[in-house]
Amino acid sequence: AQSVAQPEDQVNVAEGNPLTVKCTYSVSGNPYLFWYVQYPNRGLQFLLKYITGDNLVKGSYGFEAEFNKSQTSFHLKKPSALVSDSALYFCAVRDGVNYQLIWGAGTKLIIKP
Amino acid sequence: DAGVTQSPTHLIKTRGQHVTLRCSPISGHKSVSWYQQVLGQGPQFIFQYYEKEERGRGNFPDRFSARQFPNYSSELNVNALLLGDSALYLCASSSRDTNTGELFFGEGSRLTVL
């Protein structure tokens, strides 16, 4: 079955430290992978995507993600966290059959001053 | 340009009632998708429409239906509401139907069923 897993419900990071939010996936065919962020009582905002090419993808607000085919992972990273990065982060993969997005359960990122 | 707009933003219904949620996509976008987001979970795909044709349907009962109008706006209808239908309903628009690019989300319609 095609799926996305975000193994951490919550990640706590001190401001200025690097952050990683984990995502693993299972999908048939070539993976199309996405990260979105959701602020309280708001819709989702696109951060970045991997379709093909360089395994390190750069996105909005200084975020980047590393695609690892052998580990079927697509972890979100940022070198130096800001308090304003505190939000809910969702990983998604495009279903290889019906082309719809399958979403992880989300990871709450808390950046402490 | 205006982003994706959804209405109403909040609504309260009782079990058995019917609800209609509305979405206006970004100008020029022909694809509209609907998602249900239950508190503490990721979005679940309900429908996608492109050029007024249904392009995908998620694992939801027939009580859920949708349509897209000639101006590409869309409605999601839910009949015979259940308590479990309480959720944030998100609409997303995009320029293509293949979900390889960015989806632009509205802020959602929060439905509470009592």
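The values are calculated or read from the model by the stated rules, or taken from the named source; none is laboratory data. This is a predicted model, so every value here is computed, not measured. Here the Cβ is made from the backbone with ideal geometry for all residues, glycine too, and neighbour counts use every protein chain on show. Ligands, DNA and RNA are stripped out before the accessible areas are found, and what is left, the full protein with its side chains, is counted by its heavy atoms. Shrake-Rupley method; radii C 1.70, N 1.55, O 1.52, S 1.80 Å.
Structure notes:
- Taking the criterion of being part of a helix (DSSP H, G or I) and without any contact (Cβ under 8 Å) to a residue 24 or more places away in the chain, the only residue of the stretch A:62-83 that qualifies is A:Gly62.
- Evaluation of A:Leu88 against the conditions (1) outside any strand (DSSP E or B); (2) closer than 22 Å to B:Arg110 by Cα; (3) open to solvent by less than 60 Å² (accessible area, probe 1.4 Å) shows that the sole unmet condition is (1).
- When B:Ile12 is tested against (1) within 14 Å of chain A (Cβ to nearest Cβ); (2) of a type outside the set (Lys, Arg); (3) out of contact with any Lys or Arg (no Cβ under 9 Å at 6 or more places or on another chain); (4) part of a strand (DSSP E or B), only condition (1) is not met.
- Filtering A:Lys69, A:Lys77 for residues that are of a type in the set (D, E, K, R) and modelled with pLDDT under 95 leaves a single hit, A:Lys69.
- Matching option when the condition is within 12 Å of chain A (Cβ to nearest Cβ) and on the phi > 0 side of the Ramachandran plot, among B:Gly108, B:Gly101: B:Gly108
- Residue among B:Leu90, B:Leu76 that alone is modelled with pLDDT of 95 or more and more than 12 Å from chain A (Cβ to nearest Cβ): B:Leu76
- Only one of the listed residues (A:Val21, A:Val11, A:Val57) is among the β-branched types (Val, Ile, Thr), closer than 24 Å to B:Gln36 by Cα, at pLDDT 95 or above and out of contact with any helix residue (DSSP H, G or I) (no Cβ under 7 Å at 6 or more places or on another chain). That residue is A:Val21.
- Residues that are assigned to a loop (DSSP other than H, G, I, E, B) and within 8 Å of chain B (Cβ to nearest Cβ) within the stretch A:33-60 comprise A:Asn41, A:Arg42, A:Gly43, A:Ile51, listed in sequence order.
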